[in-house]
Amino acid sequence: FAPWNDPSAKPFIEFRNVTKRFGDFVAVKDLSLKIYEREFFALLGPSGCGKTTLMRMLGGFDEPTEGSILLEGKDLVGIPPYRRPTNMMFQSYALFPHMTVADNIAFGLKQAGMPKPDIQSRVDEMLALVKLEKFARRKPHQLSGGQRQRVALARSLAKKPKVLLLDEPLGALDKKLREETQFELMDLQMKLGMTFLIVTHDQEEAMTVADRIAVMNNGVIVQVATPAEIYEQPNSRYVADFIGDINLIEGKVAEASEGSAKLACAATGATVAVNQTLSASIGDEAWFAIRPEKMRISRDAPADTSVNALSGEVWDIGYLGDVSIYHVRLPTGATVKATITNATRLVERPISWEDKVWLTWSRDAGVVLTR
Ligand code: ATP
C-alpha cells in the first residue's frame, strides 16, 4: 500500500501554503505538497515554472516569503542549509578542481568535524557506492563527465542526509549515459532507503525514476500522481500535452450522465463517447485526449457500431524504429495520430500512404478534459 494512498501515513516532507516572491515576481504560488519517506519524487515542468526554487527552499538556499516547510513535522524555515538534514547536488556539480576525488568527497565531513578515521572509512564506502574506488587520487579534470557526476553524487551522499536534492543531475550527460545513470540512481535510492527529490524538465526522466511526479506550471502544481496516472489520466490539457504524444481534440459536451458522456467534436465531425462522469454541463467546451498508441488503425470498417470510429486517409508515416506514427487526414481536414509497433506492422501488408483507413478506439481509451 503506497503511503500517499494511506490517509493515516505521515508525510516526511511537507510544503504548506508556500509562496516565494522575487520582488514583484511570484515564482511559487501558495503551494502545498506532501512527500513520503523513501519516495523518489520528481518535480517536472518547463523552464521557469518554479521547480528549482521549490527545491532550493527545502535545501535552505532560499526562504519562502510565506508558508512553512516541514521535515518529519519540524519547521525548517530559518535553519541554514548546512544544518538541515538535506543535501543538494547541483547541476554544475560544483566540484573543487584542485582537490582529488577522495578530498572532494571528504570535504563536507571535515567541515562537520568528523574524526579522521571515520572520514576515511566513509569516503571508501562512498567510492564503492558509486564504483569509483580506482579513481580516488584523480582530480576532476582527469575524469569523464559521467565520473564527475558520480563524484558529485558521492559527495552529496557522504553525510548521509535524510533527503537528497537533485537539481537536473543528469543534464550534462549524453542520452545513453543519462539513461544508464537513471537506473543507477534508482538502485542507489533503493539501497540507501533514502528520500530523493529530483528536479527535471525531461518528462521521460521523471517517468523513469520517480515513484510520483508533481507537474508544475507558473509556480503551481497542476497534478501530483504516479507516472502511469500522469500518462493515462492527465487531469488537464496542460499535463496531457506536456507528457508524451497525444491527440487533443476540441469539442462541446453533448451528453453527461453518471459514468458516461459524449463530446461533439467539430474538428473531426464526429461524437466521441467515453465511460466517464464529467463535472460539466451540456454545451461546455472540453477536449478529448487520446494517446496515438490507443488508436487502432485498420483498412476495415468496424463491425461493432458502438465503438468510437473515424475514417480518413493516411497522409504521412513516420518511422521511429520501435513504432511507426501514422498521420491520418479526416474529411474535415483535421489530422489524427495513431501509432503501430513495427513488430506488428511488418507482419502483414503494411498500411501505406494514401490508404483509406478506419481509426477505432474503446470508450476507456481516452479522456475528456474540462480544463
Ligand atoms: P529552470 O528549469 O530553467 O531552472 P525552474 O522551473 O527551475 O526553471 P526557477 O529556477 O525555480 O525555475 O525559477 C522560477 C522563476 O523565478 C523564473 O522566472 C526565474 O527567473 C525566477 N527567479 C528565480 N530565482 C530568482 C532570483 N534569485 N531573483 C529573481 N527571480 C528569480
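The values are calculated or read from the model by the stated rules, or taken from the named source; none is laboratory data. Computed from a prediction, not measured in an experiment: that's the story for all the values here. Note: ideal-geometry Cβ built from the backbone for every residue, glycine included; neighbour counts use all protein chains shown.
Points to keep in mind about this one:
- The stretch 188-205, subset part of a helix (DSSP H, G or I) and within 11 Å of the chain's Cα centre (by Cα), residue surrounded by the most Cβ atoms within 10 Å (Cβ to Cβ): 205
- Annotation note: Cβ proximity below 6 Å between a residue of the stretch 307-334 that is in the same structural domain as residue 296 (by TED's automatic domain parsing) and farther than 15 Å from residue 290 by Cβ and a residue that is of a type in the set (Phe, Trp, Tyr) and assigned to a strand (DSSP E or B) (sequence gap 6+ or interchain) occurs for 311/358; 314/326; 317/326; 329/315.
- Residue under evaluation residue 208, criteria (1) in a helix (DSSP H, G or I); (2) touching an Asp or Glu at 6+ places or on another chain (Cβ under 9 Å); (3) surrounded by fewer than 16 Cβ atoms within 10 Å (Cβ to Cβ), criterion not met: (3)
- Counted as qualifying within the stretch 23-96 are the strands (runs of 3 or more DSSP E) with 2 or more residues that are away from the ligand (no atom under 16 Å from the Cβ), namely 25-35, 66-71, 86-89.
- If you check 362, 324 for being of a type in the set (Gly, Ala, Ser) and within 25 Å of the chain's Cα centre (by Cα), only one passes: 324.
- Any chance residue 20 is part of a strand (DSSP E or B) and within 16 Å of the ligand (Cβ to nearest atom): yes
- Looking only at the stretch 159-176, and only at residues there that are under 27 Å from residue 118 (Cα atoms) and not hydrophobic (A, V, I, L, M, F, W, C), the one that is surrounded by the fewest Cβ atoms within 10 Å (Cβ to Cβ): 160
- Test result for residue 225, under 30 Å from residue 275 (Cβ atoms) and either within 16 Å of the ligand (Cβ to nearest atom) or among the basic types (Lys, Arg) (or both): no
- From the options 269, 333, residue that is on the phi > 0 side of the Ramachandran plot, of a type outside the set (Lys, Arg) and surrounded by 13 or more Cβ atoms within 10 Å (Cβ to Cβ): 269
Quick grid of which residues meet (1) touching a strand residue (DSSP E or B) at 6+ places or on another chain (Cβ under 6 Å); (2) buried (at least 19 other Cβ atoms within 10 Å of the Cβ); (3) more than 18 Å from residue 202 (Cα to Cα):
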{"residue": "86", "(1), (2), (3)": "yes, yes, yes"}
{"residue": "94", "(1), (2), (3)": "no, no, yes"}
{"residue": "125", "(1), (2), (3)": "no, no, yes"}
{"residue": "138", "(1), (2), (3)": "no, no, yes"}
{"residue": "157", "(1), (2), (3)": "no, yes, yes"}
{"residue": "178", "(1), (2), (3)": "no, yes, no"}
{"residue": "186", "(1), (2), (3)": "no, no, no"}
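- Residue among 137, 84 that alone is in the same structural domain as residue 200 (by TED's automatic domain parsing) and farther than 27 Å from residue 195 by Cβ: 137
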